[in-house]
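Everything on this sheet refers to the single structure shown next.
The values are calculated or read from the model by the stated rules, or taken from the named source; none is laboratory data. This structure is a prediction, so every number in the text was calculated from the model and none was measured. Here Cβ is always computed from backbone atoms with ideal geometry, including for glycine, and neighbour counts include all displayed protein chains. The area values use the complete protein model at the heavy-atom level, side chains included, leaving out ligands, DNA and RNA. Shrake-Rupley method; radii C 1.70, N 1.55, O 1.52, S 1.80 Å.
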Amino acid sequence: MKITHLELLTVPQDTSAMLLVVVHTDSGGYGVGEVGMRSRWRAVRGAVEDFAEQLEGADPSRIEHLWQFLSRSGFFPATGVLAAVLAAIDVALWDLRGKTLGVPLHQLLGGASRDHVECYVHVRVGDARDPAATVAEAERLVAAGWRYLRVPANSPDADGEYDQRSALRHTVATVERLRAALGDDVELLLDVHTRLEPPQAVTLCRELEPLRPYFVEDPLRSEHLDGYRMLRRRTAVPLAAGEQLGTKWEFRPLIEGELIDHARVDVANTGLTEARKIAAMAEVHHINLATHNPLGPVTAAASAHLNLVLPNVSVQEQPWPEFPPSPVLTAGPVLTPGRIRPAERPGLGIELDLAAARRLDPGGPAPLPVYHRRDGSFTNW
């Protein structure tokens, strides 16, 4: 079996689109993976075209070799957009391998070490600055069976203005109300989304300590990972980071410095081959994987296969209480409130209607939000 070509599909999902990479072979079989970086989709398209030239005629079963080849053959290491495209190709190769052998992917990774994977859901309301609305939605989700809930570090004003100090106060007040309403058996996960400067991050984490969050995610920007060393010394809340990282080399300072408690590995940015190595590094330092997945069923399935196997897993992200209906993806992982398990089908267990996907191509994902400070300067979304 040889690789013949790669295909990039932009598939509508919710308010945006999935970027799927399909690896085709001369046998007629194919595997599918998802690109985690949707904000630079034209650069993604170019990377897919470059990698396609290098992969034509290659043996798709040599997954580790192909990862090394694509990662290192351009002299400059494959990071950023290149890492995300490589991740999609890597997942597609694992999907293809499972289909070729007729077994679910987790059996190729070592077999299940747990019965299911715990997952958390996003608490979505029209205005994240409204604690009453957030509490009501959280209570609805808990009543449905969810035990882990993710809340954001508050939304900006209508025009995209995000004031860190104001958001900090609103966030603490919201988490206080959630803890009072939900009790201690519900785990609260706070996503800061790299929005805060170090002084605000320290204040937020310390004020949240009595409320016992399961973790505080991405309180600092990812460009300077050593900043977590300072934060680690000044707060006792569990910390999570890593969703913007694509390689074991990028995760290395967080893991070897034991600067986080949960590694936010995103298989749509790392691939499965690299994610397993990051997980092994993390296990040595008593760090669990809390896999990042703001995407759709393809990445949810890949994450669930990985998490089903690994010993050091805390929780998997699931952005919606159920998968949005899709005319393109007609089979996927089994999701119930608070837990997920991959389908017992070959490969990822995903059923993709290629013809429908090609017909529905929307041209690219929607642009990401843009936030600013009161003075008009840019701030992270």
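Per-structure values
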{"read-out": "Ratio Rg/Rh, restricted to the stretch 1-84 and using Cα atoms, in which Rh is the Kirkwood radius", "value": "0.97"}
{"read-out": "Unit charges at the beta carbon, dipole of the chain: most positive-side option, 37, 225, 174", "value": "225"}
{"read-out": "Summed side-chain charge close to residue 21 - residues other than residue 21 whose Cβ falls under 13 Å, Lys, Arg +1, Asp, Glu -1", "value": "-4"}
{"read-out": "Within straight-line cross-link reach of residue 99, lysines at Cα separation under 21 Å, skipping those fewer than 8 residues along the same chain", "value": "2"}
{"read-out": "Inverse of mean 1/r across different Cα pairs in the chain, Kirkwood, Å", "value": "21.1"}
{"read-out": "With every protein chain in place, the stretch 15-140: carbon and sulfur % of accessible area (1.4 Å)", "value": "49"}
{"read-out": "Virtual spin-label span in nm between residue 224 and residue 378, 7 Å along Cα→Cβ", "value": "1.8"}
{"read-out": "On Cα atoms only, tilt of 41-55 relative to the major axis of the chain in degrees", "value": "30"}
{"read-out": "Lysines whose Cα lies under 22 Å from that of residue 277, excluding same-chain neighbours fewer than 8 positions away", "value": "248"}
{"read-out": "Cα-based equivalent ellipsoid of the stretch 97-253: semi-axis lengths in Å, sorted from largest, via gyration tensor", "value": "30, 23, 15"}
{"read-out": "Environment charge of residue 310, counting only residues whose C-beta is closer than 10 Å and scoring Lys/Arg +1, Asp/Glu -1", "value": "+1"}
{"read-out": "The stretch 119-194 - Debye-derived log10 I(q)/I(0), Cα point model, q = 0.15, 0.23 Å⁻¹", "value": "-0.46, -1.04"}
{"read-out": "Nonlocal amide H pairs with residue 215, under 5 Å, H built at 1.01 Å", "value": "190"}
{"read-out": "Label-point gap, in nm, between residue 79 and residue 61 - each point 7 angstrom along Cα→Cβ", "value": "3.6"}
{"read-out": "Relative contact order (%) - the stretch 20-160, alpha-carbon pairs under 8 angstrom, separation at least six", "value": "24"}
{"read-out": "Cα centroid separation, the stretch 231-255 to the stretch 120-142 (Å)", "value": "27"}
{"read-out": "Separation of the residue 53 and residue 69 label points, Cα + 7 Å toward Cβ, nm", "value": "1.6"}
{"read-out": "Magnitude of the charge dipole, the chain, Cβ model with Lys/Arg +1 and Asp/Glu -1, debye to 20", "value": "340"}
{"read-out": "Computed helical MRE - 222 nm, the chain, DSSP H runs ≥ 4 contributing -39500 (n - 2.57), nearest 500", "value": "-12000 deg cm²/dmol"}
{"read-out": "Cα centroid separation - the stretch 267-288 against the stretch 304-381, whole Å", "value": "19"}
{"read-out": "Among beta bridges that DSSP assigns inside the chain, antiparallel share in %, nearest 5", "value": "50"}
{"read-out": "Hypothetical label at residue 163: residues of the stretch 204-222 whose amide nitrogen lies under 18 Å (7 Å Cα-Cβ projection)", "value": "204"}
{"read-out": "Within the accessible area of the stretch 311-381 (1.4 Å probe), percent carbon and sulfur", "value": "56"}
{"read-out": "Accessible surface, 1.4 Å probe, highest first, among residues 215, 378", "value": "378, 215"}
{"read-out": "³J(HN,Hα), Karplus 6.51/-1.76/1.60, whole Hz, each residue of the stretch 199-215, x for Gly, Pro", "value": "x, 5, 5, 4, 4, 4, 4, 5, 6, 7, 3, x, 8, 6, x, 5, 6"}
{"read-out": "Whole-angstrom gap from the stretch 1-30 to the stretch 63-97, using each part's C-alpha centre", "value": "15"}
{"read-out": "Largest to smallest principal axis extent of the C-alpha atoms in the stretch 242-298, angstrom", "value": "32, 18, 16"}
{"read-out": "Of every Cα-Cα pair in the stretch 177-300, the percent that sits beyond 16 Å", "value": "60"}
{"read-out": "For the chain, accessible area per residue (1.4 Å probe, heavy atoms of protein chains only), Å²", "value": "41"}
{"read-out": "Largest to smallest accessible area among 134, 79, 203 [probe 1.4 Å]", "value": "79, 203, 134"}
{"read-out": "The stretch 206-302 - percent of accessible surface contributed by carbon and sulfur, probe 1.4 Å", "value": "49"}
{"read-out": "Nonlocal amide H pairs with residue 379, under 5 Å, H built at 1.01 Å", "value": "371, 372, 373"}
